[in-house]
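Heads up, the thing below is written out as C-alpha cells.
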Amino acid sequence: MMKARLAGATLVAALVFAGSASAGSAADPVAEVVAHYKAVEQMFNSDAFRKDRRIMFEDFDPSEQYRLFDINQPTERRGAAARQHMYEISGVISGKVEFLNLEVKASDTVAFASYIQHVVGKDPAGNPIDLSVRTTDGLAKVNGRWLIMHEHNSLALDDATLGAMLAKKK
C-alpha cells in the first residue's frame, strides 16, 4: 500500500514537472530558483540583514498559509507565528550562512529545493553555534517572484546515540 502511494506521489510530481519542459518556455525555472537561493544566501551574509533581519521575509509567502516544520518545539508553525519564530532565531546568525548541496526541481510555477543550511553564530549566552540543518522548501512563483510557501527543517541523527549531529558538513 505504501509503495503504491509513493508511486502515485512520484507520478504526480513527474506530471507537474513535465510541464516545465514544454515548448515556448523562454525562462529556465531551475536556473531562476538557483539564482534565488544564491541571492538569499548573500542576503543572510549582508550588512543590510545584520541591520534589519526583517528583509528575509521578502522571500517568504506573506500569508497565513506559509507553513514551517522546524527542529524545535513547537515543530509546526504557520503564518505570522512562523515568521516571528524565524525572526527570533535569526538573531543567532552572527557569522556566515551557507546553502550547501542545493538541488532544485522546478516547473514554471512550482519548485522544490533541498539543501544543507550551515549557520555559524552565537547563542544568547555568547556560546558559539555551528549548525547544519537539512532543509526542503516548497516554492511558488507569485507575481513573477519565487516565494517560499513551505519549509521543512530537520537534523541528521547519529545512529549510535540517536542525538542530533549538529555540525556535519557534507
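Brief remarks on what is shown
- Matching entry among V120, V97, V92, V142 (being in contact with a His (Cβ under 8 Å, 6 or more places away or on another chain) and either modelled with pLDDT under 95 or open to solvent by 50 Å² or more (accessible area, probe 1.4 Å) (or both)): V97
- Complete set of residues in the range 51-77 that are without any contact (Cβ under 8 Å) to a residue 24 or more places away in the chain and under 18 Å from E98 (Cβ atoms): none
- Selection from the range 72-122 of residues that are over 21 Å from M43 (Cα atoms), touching a helix residue (DSSP H, G or I) at 6+ places or on another chain (Cβ under 8 Å) and in a strand (DSSP E or B): R77, K105, A106, V110
- Conditions (1) under 15 Å from D137 (Cβ atoms); (2) within 14 Å of the chain's Cα centre (by Cα); (3) modelled with pLDDT of 90 or more; (4) open to solvent by less than 60 Å² (accessible area, probe 1.4 Å); number of the one not met by D59: (3)
- Residue list for the range 70-83, filter: open to solvent by 50 Å² or more (accessible area, probe 1.4 Å) and either more than 22 Å from R134 (Cβ to Cβ) or not hydroxyl-bearing (S, T, Y) (or both): I71, N72, Q73, P74, E76, R78, A80, A81
- Flag for A23 being modelled with pLDDT under 85, open to solvent by 40 Å² or more (accessible area, probe 1.4 Å), over 26 Å from G121 (Cα atoms) and outside any helix (DSSP H, G or I): yes
The values are calculated or read from the model by the stated rules, or taken from the named source; none is laboratory data. These numbers were taken from a predicted model, which means no experiment stands behind them. Glycine also receives a Cβ, built like all others from the backbone with ideal geometry; neighbour counts cover every protein chain displayed. Side chains included, ligands, DNA and RNA excluded: accessible areas come from the protein's heavy atoms. Shrake-Rupley method; radii C 1.70, N 1.55, O 1.52, S 1.80 Å.
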